[in-house]
Each structure stands twice: as C-alpha cells, then as structure tokens.
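The values are calculated or read from the model by the stated rules, or taken from the named source; none is laboratory data. Everything quoted here is computed from the prediction, not taken from an experiment. Note: ideal-geometry Cβ built from the backbone for every residue, glycine included; neighbour counts use all protein chains shown. Only protein heavy atoms, including side chains, enter the accessible area calculation; ligands, DNA and RNA are left aside. Shrake-Rupley method; radii C 1.70, N 1.55, O 1.52, S 1.80 Å.
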Amino acid sequence: MYRYGMEELDAMKRVIESRQLFRSNNGAKEVEHFERELADMTGTKHALAVSGGTGALICAMIGAGIGPGDEVIVPGYTFMATALAVLAAGAIPVLAECDETCTIDVKDVEKKITQYTKAIVPVHICGFPSDMDALTDLAVKYGLIIIEDSCQADGGSYKGRRLGSIGTAGAFSYNYFKIIGFGDGGAVVTNVDRIYERALIYHDGGAAFRPYAGDLHEPVFCGTQLRVGELFGAFMRVQLTRIDGILSDLRRIKKTMMDALKDVDGIEFAPSHDIEGDCGTTLPFRFCCEDKARAFAAAVPGGWLPIDSGKHVYYNWDPVIEQRGAHCDAVNPYKMAANAKLNLQKYDRNSLPQTNDILSRTVYISLNPDWDDAKVNELIEACKAAVK
Ligand SMILES: Cc1ncc(COP(=O)(O)O)c(C=O)c1O
C-alpha cells in the first residue's frame with residue numbers, strides 16, 4: 001500500500017455517515033460499485049470482492065469446479081497461500097520450477113501434466129508477468145483451466161491485457177503489502193458466468209438470499225463467509241483510481257535504474273516476459289553464483305535474495321511439505337480416497353533444483369513510487385560501487 005490519505009478518509013466518512021456498513025443493506029452500493037469498476041479496469045465481465053487473496057484463489061478454484069481428484073500445478077516460488085488455496089478446495093498442488101524470470105516455467109509445467117491435472121496457477125510474483133501466451137497454448141492443448149494468482153501484481157499487464165484477466169479467472173490481494181489495498185481484502189475476476197456464480201455462492205453462505213446476488217442459475221451449495229463491507233468498498237474505489245499513477249511512477253524509476261546500469265560491467269538483470277507490463281515494484285539482478293549475489297545484496301541498501309523470502313519458497317511451506325492438508329484426516333486432501341491415485345509426491349529442499357539455483361543467484365531491490373531523483377541516483381551509484 002504505497003499511497004493512501006484524505007481521499008480514502010473522505011470516502012469512508014461518507015459510508016459512516018450513511019450508517020450503511022453492510023454491503024447488503026438497502027442503499028449500500030460501495031462494494032457493488034467497486035466490483036463494477038474493477039471489472040471495467042481489468043476488462044472482465046465479473047468481479048467479486050472478498051476478504052483476501054487466499055479467499056479469492058479459493059473462490060476461483062471452487063468456482064471453476066476444482067476439488068478432490070484434481071491436480072493443480074503451482075510454482076515453487078510463490079507465497080504459500082497459492083498452494084493452500086488448492087488444498088482448501090480438496091485438490092492436490094503439484095509444484096513446478098520457476099524460469100529465469102522467477103515465474104512458472106512452462107516447460108516444467110508440461111512435464112508435470114497428468115490425466116488428473118485440472119488447472120495451472122501462474123503467479124505474477126513481485127509484479128513480473130508470467131509467460132501467458134505459452135501457458136494459454138498449453139491450457140488449450142491439454143484442456144486446462146488457468147487461474148492467475150495476481151495477488152502481487154494489481155494493475156500489471158501482459159501484452160496490453162491486465163494481469164488476472166487473461167486466464168479463466170484471476171485473483172487479487174489487497175493486504176497491506178500489496179500495490180493497492182485496504183490492510184486486508186481481495187477480489188476474483190472472470191468472464192465465466194458459472195465461475196462467478198459459484199464463487200459468489202461460496203464466498204457468502206447467505207448470498208442466494210441477498211439482493212446483490214440477482215438471479216442465480218447455479219444450484220446453491222453450502223459456502224462460507226468471505227464477504228467484505230462497505231468501508232472496504234469505499235476505500236478500494238479510491239485505491240483503484242490511484243493504481244495507474246503508482247505503476248507509472250514505479251515503472252519510470254525501474255527504467256531509469258535499468259538504463260543507468262545496463263552497460264555497467266558485472267550487472268545483469270533477470271529477463272521479463274513483458275517489461276512494459278511489469279508492475280515495476282522490484283528490480284531483479286542476476287549473478288553467476290550465490291556468493292556474488294550475496295556480496296552485492298549486502299553492499300546495496302535494500303538488496304535481498306528471493307531464496308531468503310521464507311514462506312515464498314516451496315521448501316518452507318511446512319504444512320504442505322508435511323502433507324498436513326487440513327485440520328483433520330477426513331478432510332485432508334492428502335488422505336482422501338478420491339486423491340489416492342494422484343501425484344502425492346513428497347517435496348523436500350532439493351525437489352526443485354532449478355528454482356533453488358535461480359532464486360539464490362537473484363538479488364531484488366524493492367522500489368517505491370515516491371522516491372525522488374536524488375534517492376534513485378544514490379541507489380544507482382550504490383549498485384555501481386557494489387558490483388565493483
Ligand atoms: C502470490 C500471493 N498469493 C496469495 C496471497 C494471499 O493473499 P492474502 O494475504 O490477501 O490472503 C499473497 C499474499 O500475501 C501472495 O503474495
């Protein structure tokens with residue numbers, strides 16, 4: 001959450017004064033407007049606001065009919081929530097390597113496809129767009145669903161299309177660490193009516209009885225409670241208006257740094273599947289070995305290695321690795337009879353050697369859209385000095 005202030009406060013004041021804090025109250029329209037504005041921004045037919053990115057992924061999975069008996073391919077480099085969402089739907093996450101851009105490696109995805117694979121979840125990690133053309137070809141070839149985890153890529157794009165709108169469904173997070181947010185929150189987008197309706201039913205056990213549900217064509221099943229309130233809607237409507245300004249400042253700073261450093265001996269950047277659509281939150285340097293990467297990171301203010309990013313690296317996902325997939329065995333996907341025939345491979349520290357190698361030779365600098373020229377120049381000089 002880079003930018004928020006008086007405009008958000010005014011929007012929330014409006015809601016408090018109206019005394020309509022629940023989205024289903026008569027006359028409450030903030031969440032509804034937010035959903036319409038997000039759908040328009042992403043160019044999708046439907047958007048559904050939910051309580052977080054994990055909830056958005058779960059709604060997308062359940063909306064798409066993913067469940068026990070299905071394998072879902074996820075990258076080994078993503079926040080653990082991507083895999084948790086697969087398990088919450090009763091399916092099994094199958095891990096794939098990341099490529100040189102740190103997003104899911106399409107070649108490895110193809111190797112992991114079995115007759116039980118139902119979906120691929122590309123994660124636009126740190127705002128880096130995944131290889132969506134190649135993934136779409138693969139999805140068509142094998143009849144698979146794509147759920148884009150765009151939780152770290154609010155507003156980003158790939159070849160002119162907003163991330164999250166290219167696959168069958170997309171999920172966004174609005175927690176405090178995201179490009180825009182409300183402290184916590186999320187949203188699902190899709191063009192598929194059935195996915196939207198099923199996500200709507202799942203996200204609010206009482207949705208079918210609420211005015212905003214409209215006429216449902218899907219049979220109502222038991223869902224849960226992942227709703228958001230009107231304060232979220234009001235705040236997020238303002239955040240949405242900020243996104244293109246935030247991204248354009250981030251991209252300008254990233255480009256300035258890359259232009260200034262691209263010919264410097266010893267500096268190499270990780271490649272991108274679409275540098276124009278990249279969110280610009282992160283400048284990724286690539287080195288020949290971990291020692292050089294660590295030395296560079298230590299010498300540059302704010303430098304860090306993605307291999308050190310805890311629950312973003314597959315071998316740190318303890319409950320997944322240990323196959324404790326739920327609160328009791330009867331609903332643990334790893335123990336379900338429907339999943340007995342699937343790829344229940346146990347993962348360990350060495351399961352994805354390519355991912356380990358790439359992440360340990362990469363250094364990130366997290367950028368901020370509000371840095372001035374002096375700060376950017378200071379960082380450029382620090383990078384030049386560090387690489388020497
Ligand atoms: C890639 C990714 N997926 C999913 C999530 C889950 O989002 P939330 O924390 O809003 O549930 C996050 C958030 O941290 C994330 O970074």
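Quick notes
- Scanning the stretch 275-288 for residues that are in a loop (DSSP other than H, G, I, E, B) and surrounded by 20 or more Cβ atoms within 10 Å (Cβ to Cβ) turns up Gly277, Asp278, Cys279, Gly280, Thr281, Phe287.
- Test for Gly160: is it open to solvent by 40 Å² or more (accessible area, probe 1.4 Å), within 19 Å of Val72 (Cβ to Cβ) and of a type in the set (Gly, Ala, Ser): no
- A search for C-beta distances below 7 Å between a residue of the stretch 326-355 that is within 13 Å of Asp70 (Cβ to Cβ) and among the hydrophobic types (A, V, I, L, M, F, W, C) and any residue that is in a loop (DSSP other than H, G, I, E, B) and open to solvent by less than 90 Å² (accessible area, probe 1.4 Å), counting only pairs 6+ apart in sequence or on different chains, returns Met336/Pro68; Met336/Gly90; Ala338/Pro68; Ala338/Gly69; Leu342/Tyr116.
- Criterion: open to solvent by less than 10 Å² (accessible area, probe 1.4 Å), of a type outside the set (Asp, Glu) and either away from the ligand (no atom under 16 Å from the Cβ) or part of a loop (DSSP other than H, G, I, E, B) (or both) - qualifying residue of Gly233, Gly223: Gly233
- With respect to the conditions (1) within 16 Å of the ligand (Cβ to nearest atom); (2) assigned to a loop (DSSP other than H, G, I, E, B); (3) of a type outside the set (Lys, Arg); (4) out of contact with any helix residue (DSSP H, G or I) (no Cβ under 6 Å at 6 or more places or on another chain), Gly164 lacks only one, and its number is (4).
- Number of the condition not met by Ala338 [criteria: (1) in contact with a Phe, Trp or Tyr (Cβ under 6 Å, 6 or more places away or on another chain); (2) part of a helix (DSSP H, G or I)]: (1)
- Taken over the stretch 89-138, the residue count meeting the criterion of being more than 11 Å from the ligand (Cβ to nearest atom) and part of a helix (DSSP H, G or I) is 14.
- Qualifying residue in the stretch 346-354 (condition: closer than 16 Å to Gly76 by Cβ, modelled with pLDDT of 95 or more and crowded, with 21+ Cβ neighbours inside 10 Å): yes
- Conditions (1) in contact (Cβ under 8 Å) with a residue 60 or more places away in the chain; (2) open to solvent by less than 50 Å² (accessible area, probe 1.4 Å); (3) touching a helix residue (DSSP H, G or I) at 6+ places or on another chain (Cβ under 8 Å); number of the one not met by Asp249: (3)
- Residue list for the stretch 198-220, filter: closer than 22 Å to Gly65 by Cβ, away from the ligand (no atom under 16 Å from the Cβ) and either open to solvent by 60 Å² or more (accessible area, probe 1.4 Å) or out of contact with any strand residue (DSSP E or B) (no Cβ under 9 Å at 6 or more places or on another chain) (or both): Arg198, Ile201, Ala207, Ala208, Gly214, Asp215, Leu216, His217, Glu218, Pro219, Val220
- Among the residues of the stretch 139-157, those identified as in a loop (DSSP other than H, G, I, E, B) and either more than 11 Å from the ligand (Cβ to nearest atom) or open to solvent by less than 20 Å² (accessible area, probe 1.4 Å) (or both) are Gly143, Leu144, Ser150, Cys151, Ala153, Asp154, Gly155, Gly156.
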